1. Do you know which residues across the range 73-96 are over 11 Å from the mean Cα position of the chain (by Cα) and either farther than 23 Å from Val16 by Cβ or part of a strand (DSSP E or B) (or both)?
2. Exactly one of (1) part of a loop (DSSP other than H, G, I, E, B); (2) closer than 22 Å to Ala6 by Cβ is unmet by Gly127. Its number?
3. Going residue by residue through the range 75-98, is there one that turns out to be modelled with pLDDT of 95 or more and more than 19 Å from Leu122 (Cα to Cα)?
4. Can you pull out the residues in the range 1-42 that are charged (D, E, K, R) and over 24 Å from Lys86 (Cα atoms)?
5. Can you tell me which residue in the range 99-140 is farthest from Gly59 (Cα to Cα), limited to those that are among the β-branched types (Val, Ile, Thr) and surrounded by 11 or more Cβ atoms within 10 Å (Cβ to Cβ)?
6. Would you confirm, using the coordinates I've provided, whether Ile88 is in contact (Cβ under 8 Å) with a residue 40 or more places away in the chain and in contact with a Lys or Arg (Cβ under 7 Å, 6 or more places away or on another chain)?
7. Every residue in the range 37-61 that is under 14 Å from the mean Cα position of the chain (by Cα) and touching a residue at least 24 places away in the same chain (Cβ under 8 Å), please.
8. Could you grab the pairs with beta carbons closer than 8 Å, sequence gap of 6+ or different chains, first residue in the range 1-13 and surrounded by 11 or more Cβ atoms within 10 Å (Cβ to Cβ) and at pLDDT below 95, second one of a type in the set (D, E, K, R) and not in a strand (DSSP E or B)?
Amino acid sequence: MEIRKATFDDIPFLFVLNEEFNGVGSTTEEAMIDSMKRNHNEIVFVAYDNNCAAGFICGQICQSVCCRTRHGDISELFVSKEHRRKGIARHLINTLERFFLEMDIHVITLATSVDNVNAQALYEHCGYSGKNKLIYRKNI
């Protein structure tokens, strides 16, 4: 297994994985390229298993004007079905955590759905603890 920071060369593979994760039509390759060019607060790592794109993790560096310290956020984590149960998600999380530490970021947040018990078990295994918090969303 190899995990590396995503580059423009990885976009076609990330696009296919993202369509499996977020649904067909959720983005375009052009939008992904544009985001990679413009969003300097996001880091994406991609995992390859036997030279096949197997998963990815997206992290955001967040800072509010109301808080002195920055924090990291895991915004996306996905491993394709055929590559699951190999420790890839855990390695992606560890890689992103090391990146955040190098950026002097010591707090990481994430959100997952209440019915995604597999993800919850993974996060707890990696040392994350759930907080009683509701996340609201509105499309405008």
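1. Of everything in the range 73-96, just one residue is over 11 Å from the mean Cα position of the chain (by Cα) and either farther than 23 Å from Val16 by Cβ or part of a strand (DSSP E or B) (or both), namely Asn94.
2. Condition (2) is where Gly127 drops out.
3. No: the range 75-98 contains no residue that is modelled with pLDDT of 95 or more and more than 19 Å from Leu122 (Cα to Cα).
4. Asp9, Glu29, Glu30, Asp34, Lys37, Arg38, Glu42 - these are the residues of the range 1-42 that are charged (D, E, K, R) and over 24 Å from Lys86 (Cα atoms).
5. Looking at residues that are among the β-branched types (Val, Ile, Thr) and surrounded by 11 or more Cβ atoms within 10 Å (Cβ to Cβ), I get Thr112.
6. Details: in contact (Cβ under 8 Å) with a residue 40 or more places away in the chain: yes; in contact with a Lys or Arg (Cβ under 7 Å, 6 or more places away or on another chain): no.
Judged against the criteria, Ile88 is not a match.
7. Selection gives Glu42, Ile43, Val44, Phe45, Val46, Ala47, Ala54, Gly55, Phe56, Ile57, Gly59, Ile61.
8. Cβ pairs passing all conditions: Met1/Lys86.
The values are calculated or read from the model by the stated rules, or taken from the named source; none is laboratory data. Treat the numbers as computed from the prediction; the structure is a model and nothing was measured. Please note: Cβ atoms are built from the backbone with ideal geometry, for glycine as well, and neighbour counts cover all protein chains shown.
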